[in-house]
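Following: one structure in structure tokens, then a few remarks.
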Amino acid sequence: MSETKTPGDKKLSVSGKTLTLKPRTETGVVRQSFSHGRSKSVVVEKVKRRSVGGPAEAPAPVETPVKRAPAPTGRAPSTPSPADKPKTSGVVLRTLTEEERAARAHALADSRLREAEERKIAEEEAKIRASREKIEKAERDAAEARKREEDDRRKHEDEAKRKADEVAKKHFGDERPAGAAPRITTVEAEEEETPKSRRPGGAARPAPPPRLAPKVGGEKQRGRLTLANALNQDEVRERSVASFRRRVKRRMGHASDEPKEKLVREVTIPEAISIQELANRMSERAVDVIRMLMKQGQMATINDVIDADTAQLIAEELGHSVRRVAESDVEEGLFDAADDPDALVPRPPVVTVMGHVDHGKTSLLDAIRSADVAAGEAGGITQHIGAYQVTAPSGGKVTFIDTPGHAAFTAMRARGAKVTDIVILVVAADDGVMPQTVEAIHHAKAAKVPIIVAINKIDKPGATPDRVRTELLQHEIQVESLGGDVVDVEVSALKKTNIDKLLEMIALQAEILDLKADPSRPAEGTVIEAKLDRGRGPVATVLVQRGTLKIGDLVVAGAEWGRVRALVSDTGTTVQSAGPSTPVEVLGFSGTPDAGDRLAVVENEARAREITDYRQRQKREKSSARATGMRGSLEQMMAQAKTAGRKEFALVIKADVQGSLEAIAGALDKLGTDEVGARVLHSGVGGISESDVTLAEASGVPIIAFNVRANKEAREAAERAGIEIRYYNIIYDLIDDVKKAMSGLLPPTLRETMLGNALILEVFKVSKVGNIAGCRVTDGTVERGASVRLIRDNVVVHEGKLSQLKRFKDDVKEVSSGMECGMAFENYQDMRQGDVIECYRVETIQRSL
């Protein structure tokens, strides 16, 4: 094919046809109007965009031989020259590539797939439309049935109304012209159905004139607009549901206002509850609860909190049953669960060694353990509670608890007596029964545990065991040798005399007690001691009493919880589990528990957090109550008023273990008097940290460290701030120093010492000096600068100081008895003849606790 373009003519001939190209612009004229009558014609041309190849490319034409028509001149056909070839439209059609063919085939397949999906969707819509038409037909049938029922009801009502009108005409002679009865609505017909009220003794009240129903335009449509109603617009609309309910309510009158049956509920009432929450739990109105409170004389709002007793009274008055619960119910089932009798096995006895200080408790235990604990104690006195397990000669194990004997460690001894099975009362044969011995007896009796008396130090020359036995009788301890039931053993810890016999007596007593425990249950125990170790964190010495404590258990002790990371025995070895009556060190607590707290294993972390949160809340409330003076009872108010002007010696205490900290705080509390007392701003277990120094600096108080040291940062901070850190390892040295410091806060005592008396013989007036009293010293001496009293007619009229003392115009320091002198007072001139001057000296004496 060839293309021929003549610039002068816009005609192309294809196969003998003539094609004319239209211009690509359309021209038009638009007239624009302006203000003041001006106008302008504007030529607008619209240019069309030429599309080459058409909207879609046509498939490549198949070349077929074209038969040309014979020429009109009758010449024979010949081979056409290039100039004689037919002219095309100017577009060259190209052959499609393989990629284009594949794309077109893919598009064709997609269109067929879409057509299939559209057909499927159309079929589903047809099915849905058919089911909808079926439902609409059923609704129309139901609407027609309801309409027929409504028409029958209306006919029945009209008939009843007509009969009622006839009866009324017969009774009251109401002559109403025919055809004049106005159209009344259904509501009026219902009102006419109600009997007319009569006045007593008179005729019936005339009926009100009937109201005409307004009918402007079409009738007002009622009811909900549904599909059936919309399709039946020309039919009469039915009565709405709300109208029907109002009609039924009018017919029933106030029958629906009758009180319903009371619902009795079981109301759970905690220790404190808001009025809104109480009303919700009772399914009552909060207004009713507030009204009952107002009747009781208590004004409250809906958000006010009332106590459990008031809430119980209100709930019971409203007819509900009450179940009281306390916040402490979270601890229910934590301890004292019943053991399985079939799983009980014998357990080692727990023996507590108690007695007076320096009677040899630790030495006796060392003799039993073949150890030397006493030599390691500071000052040779025990200041910590220790737990050890030894093997008796019979092969059984015995757990020993060593308690301090000093008066300051009363709480430690009480804890030791609570967790023990047997108490060994150590009494020195040369000392006899001492105050802490008596206290140990009381602790053992309070714990209701048997006592074995160990009379120690029998190897000393002045030992008299019989005197010990006799003294014990005064405290209701009757040994077997005196006809009682208390076992006594004479031992010597130094010589290790009769140690085996003592262990035999312990084994015999344990056999009598028949001690058993269930090792398969979750563990329970008691924290004997707790401390904060720098390398291991919080460490608690626990005596397992029931069950078996294993590594990985979740434990709760007091206000702290944790997962057991390690168990360390009394010999320092790591164990995997600890059975009943076994003392172990437990690592893994979140904080240091208090000594004496009970330990228990819980099932999950949520339970542990719930219990510890409650206990921490209780702890905070107690501490805040102590800080605010515990306002409440009259006795507390009187005690607070008594100590209103009391001076306080504040300090920060850090100790190595919880028991020592408790003993120090108790001892300092006993030092206080009505005038001065010690106040512990902060106390804790572990070394002194920078936060402790910061607290002491802010309060201006010293830091007391017992068996602990300050780290480098804390020591430097204390030096910069000028905070004193006092280190102690013996509790009595600490108490003595604090006692001296508290004594310095006491006001000194003033004591008067009489010097002498003088009688005024004459009063002289001296210019620029004032009055001078000429006196004779009657007894004692008179000193210059001493305090004087001026007594007139046995009444003290002035107290002051002697400013001048002269004899024959010379100043002297003192004047003896029988001599005359001149005296002048400071800032006082009213001296008379015959007055007596009493001279004395005031001495200041420092007080001590």
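What to note about this one:
- Count - residues of region 266-319 that are of a type outside the set (A, V, I, L, M, F, W, C), more than 24 Å from Val330 (Cα to Cα) and over 24 Å from the mean Cα position of the chain (by Cα): 13
- Matching option when the condition is under 30 Å from Met505 (Cβ atoms), of a type in the set (A, V, I, L, M) and modelled with pLDDT of 85 or more, among Val373, Val357, Val345: Val345
- Candidates Leu532, Leu502, filtered to the one that is modelled with pLDDT of 85 or more and more than 30 Å from Asp340 (Cβ to Cβ): Leu502
- Some residue of region 304-321 being on the phi < 0 side of the Ramachandran plot, free of Cβ contacts under 8 Å to residues at least 60 places away in the same chain, part of a loop (DSSP other than H, G, I, E, B) and surrounded by fewer than 16 Cβ atoms within 10 Å (Cβ to Cβ): yes
- Residue that is at pLDDT 85 or above and within 20 Å of Gly386 (Cβ to Cβ), where the choices are Thr573, Thr470, Thr548: Thr573
- Thr612 vs. criteria modelled with pLDDT of 85 or more, within 32 Å of the chain's Cα centre (by Cα) and either of a type in the set (Phe, Trp, Tyr) or buried (at least 19 other Cβ atoms within 10 Å of the Cβ) (or both): yes
This table checks each residue for (1) surrounded by fewer than 16 Cβ atoms within 10 Å (Cβ to Cβ); (2) among the small types (Gly, Ala, Ser); (3) closer than 26 Å to Lys654 by Cα; (4) out of contact with any strand residue (DSSP E or B) (no Cβ under 6 Å at 6 or more places or on another chain).
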residue	(1), (2), (3), (4)
Glu716	yes, no, yes, yes
Ile735	no, no, yes, yes
Lys739	no, no, yes, yes
Ala758	no, yes, no, no
Phe764	yes, no, no, no
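- When Lys460, Lys445, Lys516 are checked against the criterion of being at negative phi, open to solvent by 40 Å² or more (accessible area, probe 1.4 Å), in contact with a Pro (Cβ under 8 Å, 6 or more places away or on another chain) and of a type in the set (D, E, K, R), a single residue qualifies: Lys516.
- The residues listed here are Leu364, Leu425; of these, the one that is outside any helix (DSSP H, G or I), at pLDDT 80 or above and of a type outside the set (Val, Ile, Thr) is Leu425.
- For Leu503, the criteria (1) more than 22 Å from Lys418 (Cβ to Cβ); (2) crowded, with 22+ Cβ neighbours inside 10 Å hold in every case but one, which is (2).
- The set of residues in region 247-286 being charged (D, E, K, R), outside any loop (DSSP other than H, G, I, E, B) and either open to solvent by less than 100 Å² (accessible area, probe 1.4 Å) or at pLDDT 85 or above (or both) consists of Arg247, Glu266, Glu277, Arg281.
- Candidate set from region 556-568 (those that are buried (at least 22 other Cβ atoms within 10 Å of the Cβ) and β-branched (Val, Ile, Thr)); member that is farthest from the chain's Cα centre (by Cα): Val564
- Residue list for region 520-541, restricted to those being closer than 22 Å to Val708 by Cβ, in a strand (DSSP E or B) and touching a strand residue (DSSP E or B) at 6+ places or on another chain (Cβ under 6 Å): Val527, Ile528, Glu529, Ala530, Lys531, Leu532, Asp533, Pro538, Val539, Ala540, Thr541
- Considering region 441-473, the residues that are in contact (Cβ under 8 Å) with a residue 12 or more places away in the chain, assigned to a helix (DSSP H, G or I) and of a type in the set (A, V, I, L, M, F, W, C) include one that is farthest from Lys418 (Cα to Cα), namely Val468.
- In the set Asp810, Asp835, Asp793, only one residue is acidic (Asp, Glu) and crowded, with 16+ Cβ neighbours inside 10 Å; that residue is Asp835.
- Subset of region 569-581 (residues that are in a strand (DSSP E or B), open to solvent by 30 Å² or more (accessible area, probe 1.4 Å) and in contact with a Lys or Arg (Cβ under 9 Å, 6 or more places away or on another chain)): Ser577
- Just so you know, in region 145-157 the residues that are touching a residue at least 12 places away in the same chain (Cβ under 8 Å) and among the acidic types (Asp, Glu) include one that is farthest from Val241 (Cα to Cα), and it is Glu157.
- Residue within region 647-663 that is more than 26 Å from Val539 (Cβ to Cβ) and open to solvent by 80 Å² or more (accessible area, probe 1.4 Å) present: yes
- Remark: pairs (first residue in region 485-506, within 19 Å of His359 (Cα to Cα) and outside any loop (DSSP other than H, G, I, E, B); second residue among the charged types (D, E, K, R) and open to solvent by less than 30 Å² (accessible area, probe 1.4 Å); Cβ separation under 8 Å; 6+ apart in sequence or on different chains) = Asp488/Arg469.
- Across region 797-807, not a single residue is classified as acidic (Asp, Glu) and either exposed (fewer than 11 other Cβ atoms within 10 Å of the Cβ) or in contact (Cβ under 8 Å) with a residue 40 or more places away in the chain (or both).
- Restricting the first member to region 602-617 and to residues that are farther than 24 Å from Gly547 by Cα, and the second to residues that are assigned to a helix (DSSP H, G or I), the beta-carbon pairs closer than 8 Å and six or more apart or on different chains are Tyr614/Glu327; Tyr614/Ser328; Tyr614/Val330; Tyr614/Glu331.
- Tally of residues being among the hydrophobic types (A, V, I, L, M, F, W, C), open to solvent by less than 20 Å² (accessible area, probe 1.4 Å) and in a loop (DSSP other than H, G, I, E, B) across region 428-440: 1
- Among the residues of region 421-462, those that are of a type in the set (Lys, Arg) and closer than 21 Å to Glu480 by Cα comprise Lys445, Lys448, Lys457.
- Criterion applied to Ala625, Ala595 was being assigned to a loop (DSSP other than H, G, I, E, B) and either open to solvent by 10 Å² or more (accessible area, probe 1.4 Å) or at pLDDT 85 or above (or both), and the one residue passing it is Ala595.
- Matching residues, region 813-832, being open to solvent by less than 80 Å² (accessible area, probe 1.4 Å), assigned to a strand (DSSP E or B) and free of Cβ contacts under 8 Å to residues at least 60 places away in the same chain: Val815, Gly822, Ala824, Phe825, Tyr828
- Unique match (being out of contact with any Gly (no Cβ under 9 Å at 6 or more places or on another chain) and modelled with pLDDT of 90 or more) among Ile703, Ile735: Ile703
The values are calculated or read from the model by the stated rules, or taken from the named source; none is laboratory data. Note that the structure is predicted; figures quoted are calculated from it, not measured. Cβ sites come from the backbone with ideal geometry, for glycine too, and all protein chains shown count toward neighbours. Heads up: the accessible areas ignore ligands, DNA and RNA and are worked out on the full protein's heavy atoms, side chains in. Shrake-Rupley method; radii C 1.70, N 1.55, O 1.52, S 1.80 Å.
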